[in-house]
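Contents: one structure, followed by commentary.
The values are calculated or read from the model by the stated rules, or taken from the named source; none is laboratory data. What you see is a predicted model, and the numbers here were worked out from it, not measured in a lab. Here Cβ is always computed from backbone atoms with ideal geometry, including for glycine, and neighbour counts include all displayed protein chains. With ligands, DNA and RNA removed, areas are computed over all heavy atoms of the protein, side chains included. Shrake-Rupley method; radii C 1.70, N 1.55, O 1.52, S 1.80 Å.
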Amino acid sequence: MRGIGVGTGSAAGPVARMAPVPALPAPRAVADPAAEAAAVRAALGAVVTDLEERAARASGTGSQVLSAMTMMAADPALADRAAGLAEQGTDGAHALATAFDGFRAALVAAGGYFAERAPDLDDLRDRAVAHLLGLPTPGLPDPGHPYVLVAEDLAPADTALLDPQRVLALVTVRGGPTSHTAILAKALGVPAVVGCTGAAELADGQQVLVHGADGVVEPDPSPEAVERAAAHEHRRRELLAGFQGPGRTADGHPVALLVNLGAPHELAGAAAADAEGVGLFRTEFLFLDRAEAPGLAEQAAAYRKTFAAFAGRRVVVRTLDAGADKPLPFVLSADEQNPALGVRGLRAAVRDPQLLETQLAAIAEAARDTTAQVWVMAPMVSVPREAAEFAARARAHGLPMAGAMIEVPAAALRADRLAESCDFFSVGTNDLAQYAFAADRTLGDLAELLDPWQPALLELVATAARSAAGHGRPIGVCGEAAADPALALVLVGLGITSLSAAPVSLPGLRAALAAHTLAQCRELAGLALLADDAATARAEVMSRMSER
């Protein structure tokens, strides 16, 4: 069975399936609308309390995810909508379902980041309905032994509390590389395969072998296959433990290994990682869920904490990547039919120039108080003029290193011109794939097109890398592609000079680089570019790697 591999390593064990969500009963007459409305509010309150308790028990990424879900469940507008329906005579279960479905439709219409959160509302709906009906809340199984968790999809409230000592691997029928399941599986270091449609056929207790890196699930594996996988996993862990320090190929070619950072709770773990700095510091956490933008002092204080934690190391700050796909009331005033193609990233600065000016001033102020090497880059750059104007604004604030994200095909194709004004590039493979293949990154049905091994995507990366090299500019990759050790070799072969990923991914990247020369990386890149599709590209590269 094949899906999208988002974890590392391999694991075997018996299947344990998630408990089914509560079925919505047939509509019923309501004798006391006021009591029904009160029951609806009580059910939502119970969900909020449960999530708050789970957030307190979780840590790191899991706690942050649960806190975000708690805010969604506690939204007064949601409670008012559901209670209002109950007061009009709709039974509680259907009032909750209707209210949640309305909010869900709004998220899907918003697209981008918010569309990716629509499954979170499905989980909240199911929990609220279960509380209202007095049914068991959907949740993780507890067979009394370690198991491979199989589900249609996993809710953040469950994945946040996964115990990697009990859950050997994750397999979901739905989901994509940017889902909460994928994000948390990487953070935990658990093998995971998402978007695996065949997993619906797996039964409780059935033995499976999950290959996280390959995206393959083997039902009823032979004892020999399990033994080989276990031995390979043991060797992999031993190998990773033996590599430390800056990224280098076998012949000494430097490849900076950096971490991605997107929320305050991630700071301690990221700073403690064996990394050369931050390749992508997402600043959206300061702006989301607010009625107005944070001021200069508040922003500077937040940036100062990060810069201090990475004293002496590089920190690449991405300016606010908000807009139609991450709606903010102080950025947008009009709805857009195609949010991913609308006013987002650097384009928002055209509508509100002061938003970017304040952020650049705050970054510059924080940078003056630290020894960190602060670089700043703009998201959604499309044409050379935008890159030049951003670079000029950054330097006017005393920020010497100004760069551009390469996530629009036009920017990759014209990178030679962008490099005339930019000091560096950073490739966002998720968005670059979305725009290159006209495929919404939130749609699981289009996962094949969004595979970072797609040769056309790699061709765009190669084009940008050649332009960067021609001007002596560093160019990194900070998308999902950077976390795959095999694909990382291809990217280095294409000319990428740094890789930025989650801390848990860095040992695998470091070991892969140390085992291959730059010439071998270039050979692997050539094989990938010649392939007809993503699966063939990966197979060709993996086959050549196994020969060595």
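Structure values in brief
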| item | result |
| --- | --- |
| Test result for residue 107, in a helix (DSSP H, G or I), at pLDDT below 85, within 28 Å of residue 439 (Cβ to Cβ) and open to solvent by less than 60 Å² (accessible area, probe 1.4 Å) | yes |
| Residue in segment 427-442 that is farther than 15 Å from residue 340 by Cα and at pLDDT 95 or above present | yes |
| Residue selected from segment 7-52 under the condition touching a residue at least 40 places away in the same chain (Cβ under 8 Å) and of a type in the set (Asp, Glu), by the criterion farthest from residue 153 (Cα to Cα) | 36 |
| Within segment 122-152, considering residues that are open to solvent by 10 Å² or more (accessible area, probe 1.4 Å) and in a helix (DSSP H, G or I), the one nearest to residue 167 (Cα to Cα) | 123 |
| Where residue 516 falls short, out of the listed (1) over 22 Å from the mean Cα position of the chain (by Cα); (2) open to solvent by less than 30 Å² (accessible area, probe 1.4 Å); (3) closer than 21 Å to residue 418 by Cα; (4) not small (Gly, Ala, Ser) | (3) |
| Failed item, numbered, when residue 365 is tested on (1) of a type in the set (Asp, Glu); (2) touching a residue at least 60 places away in the same chain (Cβ under 8 Å); (3) in a loop (DSSP other than H, G, I, E, B) | (3) |
| Conditions (1) outside any helix (DSSP H, G or I); (2) touching a residue at least 24 places away in the same chain (Cβ under 8 Å); (3) surrounded by fewer than 23 Cβ atoms within 10 Å (Cβ to Cβ); number of the one not met by residue 90 | (3) |
| Subset of segment 1-47 [open to solvent by less than 20 Å² (accessible area, probe 1.4 Å) and under 19 Å from residue 97 (Cα atoms)] | 37, 40, 43, 44, 47 |
| Residue 300 being assigned to a helix (DSSP H, G or I), under 28 Å from residue 343 (Cα atoms) and either open to solvent by less than 40 Å² (accessible area, probe 1.4 Å) or modelled with pLDDT under 95 (or both) | yes |
| Filter pass, residue 259 being more than 27 Å from residue 69 (Cα to Cα) and β-branched (Val, Ile, Thr) | no |
| Odd one out for residue 469, checked against (1) open to solvent by less than 50 Å² (accessible area, probe 1.4 Å); (2) aliphatic (A, V, I, L, M); (3) out of contact with any Ser or Thr (no Cβ under 7 Å at 6 or more places or on another chain) | (1) |
| Sole exception among (1) touching a Leu at 6+ places or on another chain (Cβ under 6 Å); (2) closer than 30 Å to residue 270 by Cβ for residue 63, by number | (1) |
| Test for residue 388: is it outside any loop (DSSP other than H, G, I, E, B), closer than 26 Å to residue 474 by Cβ, modelled with pLDDT of 95 or more and out of contact with any strand residue (DSSP E or B) (no Cβ under 8 Å at 6 or more places or on another chain) | yes |
| Test result for residue 169, assigned to a strand (DSSP E or B) and small (Gly, Ala, Ser) | yes |
| Those residues of segment 203-230 which are assigned to a loop (DSSP other than H, G, I, E, B), touching a residue at least 60 places away in the same chain (Cβ under 8 Å), surrounded by fewer than 21 Cβ atoms within 10 Å (Cβ to Cβ) and not polar (S, T, N, Q), in sequence order | 203, 204, 205, 213, 214, 221 |
| Members of segment 519-548 found to be in a helix (DSSP H, G or I) and open to solvent by less than 20 Å² (accessible area, probe 1.4 Å), listed by number | 521, 524, 525, 528, 534, 537, 541 |
